[in-house]
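These notes concern the structure reproduced below.
The values are calculated or read from the model by the stated rules, or taken from the named source; none is laboratory data. Since this is a predicted model, take the numbers as computed values, not measurements. When we count neighbours, we look across all protein chains shown, and the Cβ atoms used for this are built from the backbone with ideal geometry, even at glycine. With ligands, DNA and RNA removed, areas are computed over all heavy atoms of the protein, side chains included. Shrake-Rupley method; radii C 1.70, N 1.55, O 1.52, S 1.80 Å.
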Amino acid sequence: RSSVGPKRDRLCCSHLALRTCASLVRARLEGRAMADMKEKTQPMLTDETEEAKPVSYKYKPYPLAARVCNFFTVAQIIASIVVWYIWGIGDYMPEVDQQEVKHFHRAKVMLLPAMLLEGCYLISSRNSSMKLKLHGSEMSYLVILEYCVKMTCYSTMAHFNGGLVHINLRAHGPVRGCYTIRFIEWSIAVPTLLTINNYPLFGKQELHEFAVRLAPNLFVTWAYIVASWVAEVTPDPVAGWSLVILSFVAYLAAIWDQVDVVLEADAGMSGLRFKICVVILKEIVFFVYGLVYLLGIANIMSSISEQMFYTYGDVMLKVVQASVLVVVRNWEDLAELQMALAHKVETGKEDRNRLFHCANAP
């Protein structure tokens with residue numbers, strides 16, 4: 001009996017030691033498996049975090065072109081106020097050409113269906129069961145704003161005999177009108193169009209970064225539209241032609257800044273070439289507008305031809321351009337949605353295979 005007791009104690013100690021070693025080995029293996037799983041899942045989490053994180057803002061606060069635009073904005077505002085205060089504005093047109101007013105009626109009729117169609121698109125996209133927050137629907141608000149401005153201005157000119165029509169004192173030859181309502185429409189619609197036109201170039205930039213970078217271009221554009229109107233209605237020829245020259249120099253500064261914005265765009269952005277082509281088209285249209293402005297002053301183009309170009313140019317060219325940009329934004333969002341869904345599918349497959357491997361499932 002005395003010999004059995006120590007033997008049983010040794011067996012118990014050996015069994016306890018084996019159980020302790022097995023527990024330690026099992027804990028070590030489980031810890032290693034958890035570490036491997038953490039290392040495998042960490043890159044996926046990092047990728048998702050990096051995708052959700054917005055792109056860093058790479059634009060300079062204000063490059064040289066933007067500072068030049070700011071200078072010309074202030075110069076044009078001061079010059080326009082001084083000219084208006086010293087020389088005032090000229091007389092109103094004694095009689096408005098009714099042939100020109102008829103084109104305003106046609107423009108209003110052409111704008112209404114397009115505006116209703118854009119509104120239906122916006123409502124359907126916002127009330128969609130998928131609740132997709134597409135960039136195209138965000139741009140639709142600006143497109144509808146542009147439509148509303150055009151509809152209001154052309155309705156005013158159509159129903160109130162041209163609205164406020166001054167004599168174009170810079171024009172040679174027969175007396176022609178300067179439609180003030182048209183310049184008011186341009187001062188709102190053109191910066192809106194510039195916003196729609198440049199928004200795709202900023203990719204995933206924050207809205208405030210986009211607004212800060214584009215603000216100099218928008219303000220100088222608004223200022224040269226105002227200066228070009230004051231140049232036509234001021235009685236003093238020297239002041240008027242000085243404002244014409246100043247407005248066109250400011251327009252060149254706006255082109256310079258637009259080129260900088262295009263060059264600063266991300267080279268890996270999807271559809272970059274198409275977006276640049278849309279910007280180039282916009283600049284060609286603006287150049288033709290400026291050329292028609294000068295041809296009208298020189299009496300090379302008749303008054304009714306000038307107003308017809310402005311009217312149908314506003315209705316067709318700018319609106320079509322804005323609609324194309326909405327399509328581009330929707331195309332980009334749908335492409336990103338497809339990529340996100342594909343990434344989720346691949347992630348699900350990897351998680352399933354990892355679970356089967358860790359569980360030693362057949």
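Summary table
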| quantity | calculated |
| --- | --- |
| Under the Karplus curve 6.51 cos²θ - 1.76 cosθ + 1.60, θ = phi - 60°, whole-Hz ³J(HN,Hα) for the stretch 161-166, x wherever Gly or Pro sits | 6, x, x, 7, 10, 9 |
| Surface accessible to a 1.4 Å probe, per residue, for the residues of the stretch 249-300, Å² | 49 |
| Virtual spin-label span in nm between Ile78 and Cys277, 7 Å along Cα→Cβ | 4.4 |
| Sulfur and carbon atoms: percent of accessible area, the stretch 134-223 [1.4 Å] | 72 |
| Percent carbon-and-sulfur accessible area, the stretch 278-320, ignoring ligands, DNA and RNA, probe 1.4 Å | 86 |
| Solvent-accessible heavy-atom area per residue, rounded to whole Å², over the stretch 139-202 at 1.4 Å | 31 |
